[in-house]
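Trainee: One structure, as structure tokens, below. Some questions next.
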Amino acid sequence: MSAVCFLLACLAAALQPTSATEAGSGGIFHIPSAADLARARCPSRCGGVAIHYPFGVGPGCFRQGFELTCNSTAGHKRLFLGNSTTEVLAINPRGDLLQVSPIHFNVTMKPGMDGTYNISWQAPVKGVMASEYTSLFVVGCGVGVYLFGHDTTDPIGTCMSICLDDKEAMKEANANHYEDVGMGSCPIYLQQDVRAFGFTVNRLKGVSALSGQAQWFSNTIKVFLAEDYSFHVADIYSSRIDETNIYAPVFRMAITDQPSCESAKKKKSSYACSHDSDCQDVPYGGYSCYCGLDTTGSNPYLMDGCQAIQSQS
């Protein structure tokens, strides 16, 4: 077996399904009304974030697989997916899109070593996935990164990032938009919604990293999931990325207890779409609900969340 095949086999094994944070016994499958959630005293907000079903905090307040946790630290409330450290920044009223905090994967490479570093990620709850508009950004020097989808050795994309020892020359290169060729940073576009992925980080042979006092920074590769990122040379020389340069990623949700609308409609006790709403399959397995053009309302997962517009005779 070649070294490349062995590497891909190891990565595929690392991407096999693992135990994601799962909604506990407090998750429900029936379609609740807004009054049901109010009677259960379900929180409608956590800090500055409005909570929309099927997401929820506490027993009886969320559909199975969409549990959130509201934590209070130093008097400041923050909302998280399941019991993970992925913070929820916003949920749209339809409950199908979330904005979450950037997800970071810092990789510390051993100086002078040409080893390969394998990293895998899985969505913290079953009902969400990173959207196709999200990208994996790499900030580092003299490295190549390969991104793989779940349960496959076919790469989604690759990128390479190189640097110059002269910080001012780096700034000039980026001012002239040379960053498109990977000068200090490079992106890999997901191009599809994904529940899990893996990536490898390799030191590029024959490409020098930073030298001297800056060498420590060239051995620390910063990788993160975000919607967009504005690269600044200072991010290479810092132990952390300036969060003001990062646009938070968007996650999409789907009902995954059935593989399609057709099969879901046969199980009326757990079908998620309310009366007067429509169902659509999602390409990665599962389905989602929406209020059609001939309805009013915005949340198809709540009873009477969509209401047909009465025609005027």
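Trainee: Label points 7 Å out from Cα along the Cβ direction at residue 242 and residue 230: separation in nm?
Mentor: 0.9
Trainee: How much net charge surrounds residue 199 when only the other residues with a Cβ under 14 Å from the Cβ of residue 199 are counted, with Lys and Arg +1 and Asp and Glu -1?
Mentor: 0
Trainee: Right, here's the next one. So which aspartates and glutamates pass the test for residue 266, namely a Cα distance under 16 Å, with those fewer than 8 places away in the same chain ruled out?
Mentor: Counting by Cα, and skipping residues close in sequence, residue 266 has these aspartates and glutamates nearby: 257, 278, 281.
Trainee: Below 11 angstrom from the Cβ of residue 134, what's the summed charge of the other residues (Lys, Arg +1; Asp, Glu -1)?
Mentor: Overall, the nearby charge balance is -3.
Trainee: Once R0 is set to 25 Å, what does the formula 1/(1 + (r/R0)^6) return for the Cβ-Cβ distance between residue 44 and residue 84, expressed as a FRET efficiency to the nearest 0.05?
Mentor: 0.70
Trainee: When 53, 146 are ordered from fewest to most other Cβ atoms inside 10 Å of their Cβ, what list results?
Mentor: The order, fewest Cβ neighbours first, is 146, 53.
Trainee: Could I ask something else about it? Over 31 Å between Cα atoms, which of 77/268; 77/167; 126/265; 126/267 qualify? If you can, show how the numbers build up before the last one.
Mentor: Values: 77/268 37 Å; 77/167 40 Å; 126/265 20 Å; 126/267 19 Å.
Violating the 31 Å limit, Cα to Cα: 77/268; 77/167.
Trainee: Within 10 Å of each residue's Cβ, count the other Cβ atoms and sort 128, 233 from fewest upward.
Mentor: Final ranking by Cβ density, sparse to dense: 233, 128.
Trainee: Taking neighbour Cβ counts within 10 Å as the exposure measure, how do 134, 296 sort from fewest upward?
Mentor: Starting with the residue having the fewest Cβ neighbours, the order is 296, 134.
No lab work stands behind these numbers, since they all come straight from the coordinates. Bear in mind the structure is a predicted one, so any value in this text is a computation, not a measurement. Methodologically, a virtual Cβ is constructed for each residue, glycine included, from the backbone with ideal geometry; neighbour enumeration extends over all protein chains shown.
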